[in-house]
Amino acid sequence: MALDPNSEEDFEYLKSSLRIDSEDDDLLLKRLVGASQRTLIGQIGPDDNIFYDENEQFDLATIMLTDHFYKTRSATIENVTSIVPPFGVNMIILDLKASYRVHTRKVSDLSAD
């Protein structure tokens, strides 16, 4: 995966993107990144160790979904709209699904040759 929560550089980039300065929630954030990536991969397609590497759209969706999970982690919510992932995440998922289908066709065509 391009955005690796175990990489100090990637993790600092994530925290900067989410505007988090403290280290209080570092373990939680690392777990939320993993959950976000698994959620996205589950909606797009299995990881083939190529498609998601250095994929800026996937990284952006990971950051957006991690932010959403971080801000809506309470068991109780004040309004219903806060449980819905940001529209931008769904838009990126749809685009990545199409790109993933093209990618898998190319890979299967190459392996058929």
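The values are calculated or read from the model by the stated rules, or taken from the named source; none is laboratory data. Predicted model, so just to flag it, every value in this text is computed and none were measured. Quick reminder, even Gly has a Cβ in these numbers, built from the backbone with ideal geometry, and neighbours come from all protein chains shown. Accessible surface is based on the protein model in full, side chains and every heavy atom, while ligands, DNA and RNA are left aside. Shrake-Rupley method; radii C 1.70, N 1.55, O 1.52, S 1.80 Å.
Principal-axis analysis of the Cα atoms of the chain puts helix 56-71 at an angle of about 30° to the longest axis.
For the chain, the per residue solvent-accessible surface stands at 67 Å², with DNA, RNA and ligands left out and a 1.4 Å probe. Take each peptide in 63-74, 30-41, count the other Cβ atoms within 10 Å of every residue, and average; sorted highest first, the result is 30-41, 63-74.
Between the helical axis of 8-17 and the longest alpha-carbon principal axis of the chain there is an angle of about 60 degrees. With both labels modelled 7 Å from their Cα along Cα-to-Cβ, the Glu12 to Leu94 distance reads 3.8 nm.
This model, with +1 at the C-beta of Lys and Arg and -1 at the C-beta of Asp and Glu, gives the chain a dipole about its Cα centre of some 680 debye.
Here the contact order of the chain, divided by its residue count and restricted to Cα pairs under 8 Å and six or more residues apart, works out to 30 percent. Seen against the Cα atoms of the chain and their longest principal axis, helix 87-112 is set at about 30 degrees.
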